[in-house]
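What follows is a short report on a single structure.
The values are calculated or read from the model by the stated rules, or taken from the named source; none is laboratory data. What you are looking at is a predicted structure, and each value in this text was computed from that prediction instead of being measured. Heads up, the Cβs are rebuilt from the backbone with ideal geometry, glycines too, and the neighbour counts pull from every protein chain shown.
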Amino acid sequence: MTKPTIRNEKDGSVCEQKDGDTIIRAALRAGLGFSYECNSGGCGACKFELLEGEVETLWVDAPGLTERDRKRGRHLACQCRALGPVTIKAATAPEYKPKVLPKRQRAYLIGTRDITHDIREFRFRSEDDAEFLPGQFAMLDLPGLGASRAYSLSNTGNEKREWHFQIRRVLHGQGTHILFEKLAEGDEIGLDGPYGVAYLRTESPRDIVCVAGGSGLAPMISLTRGAVEAGLLADRKLYFFYGARTPRDVCGEEMLRVLAGFGDRIVYVPVVSLPGDNGDWHGESGFVHDVVARALPAELASYEFYFAGPPPMTQALQELLMVGHKVPFEQIHFDRFF
Ligand SMILES: Cc1cc2nc3c(=O)[nH]c(=O)nc-3n(C[C@H](O)[C@H](O)[C@H](O)COP(=O)(O)OP(=O)(O)OC[C@H]3O[C@@H](n4cnc5c(N)ncnc54)[C@H](O)[C@@H]3O)c2cc1C
Ligand code: FES
């Protein structure tokens, strides 16, 4: 078979596709700035047109494509492999160019700990290195599962080759079933990363706002740890909002409390949408985006925003910030957890 190569008519770039990579992974591994977000078939940011050649579709029903897209012959670069030389038309932009090139390595489970009744931390050690930016994610290949799953890092890049994830158990979820029920210490998985563009902008002079909804905890913890390590909180504040369903889902504080500046430079605001009526919850209640709007002391357009969690939460925040408060798009960085 002729070598799979990908030529993007949009910018004239050419790259080779190796080791069963998808088109997006091949392009990013080659340092190209192809548009993407979730790497998981959910968002549609990696849509492309196939102009020449043949591709194999890995997940035919991926929700990132609409029926209209399918009728128009569009494909998802994160769910397609080239079967030989192909020419495509895909959106590109410099901000998608990876700062750290993603790479595949083997990793081994070295420990776990429960954070709440349904969120558990999983710590892996990889063979080569743990190079990633605060807020990024990795693709995990779990034993017995055909498709990779995306999980955000909660730690920061390190020389101990450790990759930490905080994962919520999903009812009937195949990947989380393997993680929570099957994987034992010492077991091997495939790890490919880092990916993601919602990483810490160390060059921004603004106060920082992190908003985590449910399983969106990990990347916000990583960003906060990264901000402390980079010395960013010497002259600014970081507001950390955690949106939980019920009081027993609230978490994150013990990880922030040990960081320099907690309570002064780092302000933690837990918000519960279903506080119950026994009067035990004394904190903020409602939707986390409403609390963000009323709790921040300055104009929203003066902050750098990071958020992660379920799509309805990220959608509400985008509307609040972009439509309601005209926060410039360049100050908003998020991952939707599909
Ligand atoms: C960028 C990003 C970061 C994330 N970070 C976290 C995190 O830090 N913590 C956390 O708890 N969750 C995170 N998630 C969600 C996580 O990736 C899983 O969707 C979730 O754990 C449920 O997985 P599951 O296998 O248990 O459920 P399942 O229902 O078995 O699978 C759900 C997901 O798997 C993928 N999938 C399903 N079928 C296929 C298929 N045929 N081919 C290819 N892919 C398929 C899709 O992405 C789908 O959303 C993140 C998601 C994204 C996109
Ligand atoms: S990056 Fe391909 S659908 Fe999200």
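Among the candidates 130, 107, which residue alone is touching a residue at least 40 places away in the same chain (Cβ under 8 Å), touching a strand residue (DSSP E or B) at 6+ places or on another chain (Cβ under 6 Å), under 30 Å from residue 251 (Cβ atoms) and among the hydrophobic types (A, V, I, L, M, F, W, C)?
Values: 130 fails: touching a residue at least 40 places away in the same chain (Cβ under 8 Å).
Going through 130, 107 in turn, the sole match is 107.
For the range 105-114, indicate whether the set of residues that are within 14 Å of ligand 1 (Cβ to nearest atom) and buried (at least 18 other Cβ atoms within 10 Å of the Cβ) is non-empty.
Scanning the range 105-114 turns up no residue that is within 14 Å of ligand 1 (Cβ to nearest atom) and buried (at least 18 other Cβ atoms within 10 Å of the Cβ).
Hey, among 45, 91, which residue is surrounded by fewer than 19 Cβ atoms within 10 Å (Cβ to Cβ), in the same structural domain as residue 18 (by TED's automatic domain parsing), of a type in the set (A, V, I, L, M) and within 15 Å of ligand 2 (Cβ to nearest atom)?
Just a single option satisfies the conditions, and that option is 91.
Suppose the filter is within 16 Å of ligand 1 (Cβ to nearest atom), in contact with a Pro (Cβ under 6 Å, 6 or more places away or on another chain) and of a type in the set (A, V, I, L, M, F, W, C); does residue 65 pass it?
The answer is no for residue 65.
Do we have residue 183 as more than 28 Å from residue 240 (Cα to Cα), away from ligand 1 (no atom under 13 Å from the Cβ) and touching a strand residue (DSSP E or B) at 6+ places or on another chain (Cβ under 7 Å) here?
So residue 183 fails the test.
Quick test for you: out of 184, 218, 227, 198, pick the one residue that is in contact with a His (Cβ under 6 Å, 6 or more places away or on another chain) and either outside any helix (DSSP H, G or I) or modelled with pLDDT of 95 or more (or both).
Result: 198 is the single residue among 184, 218, 227, 198 that is in contact with a His (Cβ under 6 Å, 6 or more places away or on another chain) and either outside any helix (DSSP H, G or I) or modelled with pLDDT of 95 or more (or both).
Please state which one of 144, 135 is crowded, with 21+ Cβ neighbours inside 10 Å and on the phi > 0 side of the Ramachandran plot.
135
Mind checking which helices (runs of 4 or more DSSP H) fall wholly inside the range 236-338 and carry at least 1 residues that are farther than 15 Å from residue 221 by Cβ?
288-295, 311-318
State yes or no: is residue 156 modelled with pLDDT of 95 or more and either within 13 Å of ligand 1 (Cβ to nearest atom) or assigned to a helix (DSSP H, G or I) (or both)?
No: the conditions fail for residue 156.
Among 101, 140, 109, 50, which is over 30 Å from residue 224 (Cβ atoms) and of a type in the set (A, V, I, L, M)?
Going through 101, 140, 109, 50 in turn, just one is over 30 Å from residue 224 (Cβ atoms) and of a type in the set (A, V, I, L, M): 50.
Is there a residue in the range 115-131 that is within 14 Å of ligand 2 (Cβ to nearest atom) and surrounded by 15 or more Cβ atoms within 10 Å (Cβ to Cβ)?
Filtering the range 115-131 for residues within 14 Å of ligand 2 (Cβ to nearest atom) gives none.
No: the range 115-131 contains no residue that is within 14 Å of ligand 2 (Cβ to nearest atom) and surrounded by 15 or more Cβ atoms within 10 Å (Cβ to Cβ).
Select, from 334, 338, 305, the only residue that is among the hydrophobic types (A, V, I, L, M, F, W, C) and surrounded by fewer than 17 Cβ atoms within 10 Å (Cβ to Cβ).
Selected residue: 338, the only one of 334, 338, 305 that is among the hydrophobic types (A, V, I, L, M, F, W, C) and surrounded by fewer than 17 Cβ atoms within 10 Å (Cβ to Cβ).
Does residue 247 satisfy the criteria of being modelled with pLDDT of 95 or more and under 23 Å from the mean Cα position of the chain (by Cα)? Walk me through it before giving the result.
Working: modelled with pLDDT of 95 or more: yes; under 23 Å from the mean Cα position of the chain (by Cα): no.
No; evaluated as a whole, the condition is false for this residue.
Would you check if there is a residue in the range 21-34 being more than 20 Å from residue 147 (Cβ to Cβ), among the charged types (D, E, K, R), within 16 Å of ligand 2 (Cβ to nearest atom) and at pLDDT 95 or above?
No, that holds for no residue.
Specify which of the listed residues (99, 89, 3) is in a strand (DSSP E or B) and among the basic types (Lys, Arg).
Details: 99 fails: in a strand (DSSP E or B); 3 fails: in a strand (DSSP E or B).
Sole residue among the options that is in a strand (DSSP E or B) and among the basic types (Lys, Arg): 89.
Name the single residue, out of those in the range 115-138 being in a strand (DSSP E or B) and closer than 28 Å to residue 208 by Cα, that is nearest to ligand 1 (Cβ to nearest atom).
Top of the filtered list is 137.
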